[in-house]
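Please treat every number below as a calculation from the coordinates, not as lab data. Nothing here was measured: the structure is a model prediction, and the numbers come from that model. Glycine gets a Cβ as well: all are built from the backbone with ideal geometry, and neighbour counts include every protein chain shown.
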Amino acid sequence: MSSESHSPIYYVKIWALLLVLLIISIIGPEFGIRWVTMVTAFGIAFVKAYIVGAYFMHLKSEKRIITYMLLGMVALLLVFVAGTMVDIMSSKGSGWERLRLDKTIPADDHHDDEPH
Amino acid sequence: MGLTQPIATTRSAAGMDTGKLALWWIIGSEIVIFGGLLMCYIMHRIFHGHWAAEAAHTNVVCGALNTFVLLTSSLFIVLAHQAAEQKNRIKTFTYIWLTIGGGLTFLAIKSYEWTIEIMHGYTMGKSLFWSFYYTAAGLHGLHVIGGLAVMAWISFDVLKGKYFNRVELIGLYWHFVDIVWIFLFPLLYIAK
């Protein structure tokens, strides 16, 4: 990677862009519209992460193998998620046993986040 | 045969310094660690609608302020790297310590925020949401502390005119810590 070809102003401009995106990500969800919240809060988080990775970490000029390695890790993560998602998404089924019986909680609503 | 330089800086693999390649592998493993935690949080969040009510008690101002602080510290460390490439000891040292100042500010804001939340009864044991909140933010905070310690160590080597290449390595790590926070902020603070 080489940062010597860029002036400090170049990085300050990228930082300013990140701050603008931060402000949008805070204001967007205030409208209370679901899709606006998704785009401004989460969509912009990906854009900010891309900018930091590409320009501050210089992934754009880094050897391709590093990008492939990082994407490979994301793919590995998604495999793990896919494997556990089936379990987390379910609260009933043939293999399920409700160990903590609570009459006040509907059977299909797994409020398992009270202190144990 | 005496070695005057650490081996990581004197040989290369995959066309780059061994130290740098190792750092990229650390970041790769961190993707799985933090990614797993965040994906687990997202899945639970989707299937527990009432978590939104819990998330409403997190302090958006503190979260936003900390995002600003980390983004700014990322700017400082990339400027430190630039100064290190020019072998400018004083400038590199100064930018590293500005980055450390950012990290310490982040921790101070986080401490204030957690103190208020704990005083109001939002402790780790209150619910699964708060358990995730403290685990994710706490693990991130430990990475910040670790990064600051290494950064301080590197800064004094740089002041002696040694190991300028390490500024780039700690910079990559610090940017990754910043990226993790970029995702934690909307997940824990904004999505109500």
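The figures follow:
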item: Point-charge dipole on Cβ atoms (K/R +1, D/E -1) for chain B, about Cα centre, debye to 20; result: 380 debye
item: Shielding by other protein chains, A:64-74, mean Cβ within 10 Å; result: 4
item: Kirkwood Rh and Cα Rg combined as Rg/Rh, the range A:3-89; result: 1.09
item: Within the range A:3-89: Cβ-based charge dipole about Cα centre, in debye rounded to nearest 20 (Lys, Arg +1; Asp, Glu -1); result: 200 debye
item: Positive-pole candidate from B:Gly101, B:Trp153, B:Ala137, dipole of the range B:84-192, charges at beta carbon; result: B:Trp153
item: Cross-link pairs A:Lys60/B:Lys126; B:Lys20/B:Lys126; A:Lys60/B:Lys162; A:Lys13/B:Lys162 - those with Cα-Cα distance over 32 Å; result: A:Lys60/B:Lys126; B:Lys20/B:Lys126
item: Karplus-derived 3J(HN,Hα), 6.51/-1.76/1.60, for each residue of the range B:186-192, Hz, glycine and proline x; result: x, 5, 8, 10, 8, 6, 9
item: The range A:3-89, relative contact order [Cα under 8 Å, separation at least 6], %; result: 20 percent
item: FRET efficiency estimate (nearest 0.05) - Cβ-Cβ, A:Trp35 to B:Ala152, R0 45 angstrom; result: 0.50
item: Exposure proxy order (Cβ contacts within 10 Å, fewest to most) of B:Met119, B:Met151, B:Met39, B:Met124; result: B:Met119, B:Met124, B:Met39, B:Met151
item: Number of partner chain Cβ atoms within 10 Å, mean per residue of A:26-39; result: 2
item: Average partner coverage of A:12-23, which counts Cβ from other chains inside 10 Å; result: 3
